[in-house]
1. Could you say which residue among V321, V308, V290 is away from the ligand (no atom under 16 Å from the Cβ) and over 24 Å from Y158 (Cβ atoms)?
2. Just one of D99, D118 is over 14 Å from M50 (Cα atoms), in a loop (DSSP other than H, G, I, E, B) and out of contact with any Cys (no Cβ under 6 Å at 6 or more places or on another chain); which is it?
3. Here is a list of conditions, (1) touching an Asp or Glu at 6+ places or on another chain (Cβ under 7 Å); (2) basic (K, R); (3) under 27 Å from E283 (Cβ atoms), and K87 meets all of them except one; can you say which number that is?
4. Mind listing whichever residues of region 209-244 are within 26 Å of the chain's Cα centre (by Cα) and assigned to a loop (DSSP other than H, G, I, E, B)?
5. Of all residues in region 148-201, count the ones that are over 18 Å from N253 (Cα atoms) and within 16 Å of the ligand (Cβ to nearest atom).
6. Being basic (K, R) and away from the ligand (no atom under 16 Å from the Cβ) is the filter; apply it to region 116-147 and report the residue that is nearest to V354 (Cα to Cα).
7. Restricting to region 308-332, what's the tally of residues that are of a type outside the set (A, V, I, L, M, F, W, C) and modelled with pLDDT under 95?
8. Do you know which residues across region 275-287 are surrounded by fewer than 22 Cβ atoms within 10 Å (Cβ to Cβ) and out of contact with any Lys or Arg (no Cβ under 8 Å at 6 or more places or on another chain)?
Amino acid sequence: MLRRKSDMKKVIATITALVMGGSLAACGKTSSSSESAVSNPGDKTIGIAMPAQNLERWNSDGEFLKNKFEEAGYNVILTYSDNNATKQNNDVIGLISKDVDLLLIAAVDGKELSKTLDEAKAKNIPVVSYDRLIMGTEAITYYVSFDNATVGKLQGEYIKEQLQLDDTSGPYNIEFVGGDLADNNARYFFNGAYDTLVNYIDSGKLNVRSGKTTFEQVATTDWLPENAKKDMEKNLNANYPSGTQLDAVICSNDSTALGVTQAIDSTYNGSNQPIITGQDGDEENLRNIVDGKQAMTVYKNLNDLTLVTFEVCKTILEGNVPAAGLVDSLPMEVTYDTGSYNNGKKYVQSYLLVPYVITKDNLQLLVETDLYKWNDDGKYLSKVK
Ligand code: GAL
């Protein structure tokens, strides 16, 4: 008896995966399930490539993943690439030359690794795309992330609710601040938010004074706060003369929200506090949320993401095919998706976790993840190191 729509989705996904699963068995170091040799983890090495350490979240991802695999007995080589696509490509070439048994990559630029990863495929090294989809190569076996369009949609819906767009006449002034052009996720974040608000923009209830309404126009180089600050200061000086109210800014993540908040502090002359969105639950942004300088952040539980990623990789390393059935063994809500993320070569089998909104009213949810704790002042949160 299928109780929920999601059960039906799982049944369909399972059937799909059983059909696809046979083809997958041919594309990696896998053996038929009947002979699946539970290999000794100590003989296996995972190559993990993270994009940078100057953006808070990737340090946590790298450490969580490394610890998870090493606790299970695997060897790990972890690289960070200073947000430089060329450096990351060289880092991955290095990992392949060390004959790692699996590559786990959060790409700086999802389009820059295709040739190198084709070599990984030739050496039968499975490649799992972490958080950001790697484009243009058949080598990608699985993609593990959050539903990225939902991240943006949550931000757009939050603005819609806070401005009561269906119950007030407006007009309201809004701006959009996106992520890095090379980050495949960033476009999903922007589109998720923009598509949620486009009808209000078209009707004139929401007014984008800068005229910047495409992802390319609102992208922030390397996601860096200083670049978001500079872009927003320029926008405010050009389009928000003294007394002009800016009601909301959709920032795709917390590092850009930090820069926008700094620009509001330095350059905005309006009497109101614009509603600013974010993503990731970075420490300084959580302080700004408590202090009312940022309204919300979309939180993606990295413990959950690393756990799902570990289970997918472990299944592959043991010579099995993860497919749809894996989600039934996981303690959190995960959607197995085979029709959303096309990397230019194929629809990549994806495991998508569920993001959620954090405001000053539900910060305790972060503490309950065991990844944050209340400071002694009982007012601000810090990450559990
Ligand atoms: C995205 C990631 C976000 C965001 C950004 C900056 O790809 O999904 O969590 O923080 O990168 O690193």
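The values are calculated or read from the model by the stated rules, or taken from the named source; none is laboratory data. Predicted model only: the values in this text are computed from it and were never measured. Glycine also receives a Cβ, built like all others from the backbone with ideal geometry; neighbour counts cover every protein chain displayed.
1. On the way: V308 fails: away from the ligand (no atom under 16 Å from the Cβ); V290 fails: over 24 Å from Y158 (Cβ atoms).
Criteria check complete, one pass: V321.
2. On the way: D118 fails: in a loop (DSSP other than H, G, I, E, B).
From the options D99, D118, the qualifying one is D99.
3. (1)
4. Of region 209-244, the ones within 26 Å of the chain's Cα centre (by Cα) are 212-232.
Listed by number, the residues that qualify are K212, T213, T214, A219, T220, L224.
5. Number satisfying all stated conditions: 0.
6. Step one: list which residues in region 116-147 are basic (K, R), which gives 121, 123, 132.
Those still in the list that are away from the ligand (no atom under 16 Å from the Cβ) too: 121, 123.
On the way: K121: 30, K123: 34 Å.
Ranking the qualifying residues of region 116-147, first place goes to K121.
7. So in region 308-332, the residues of a type outside the set (A, V, I, L, M, F, W, C) come out as 309, 311, 314-315, 318-320, 322, 325, 328-329, 331.
Right, trim to modelled with pLDDT under 95 and you get 318-320, 322, 325, 328-329, 331.
Residues meeting the conditions: 8.
8. I275, E284, R287
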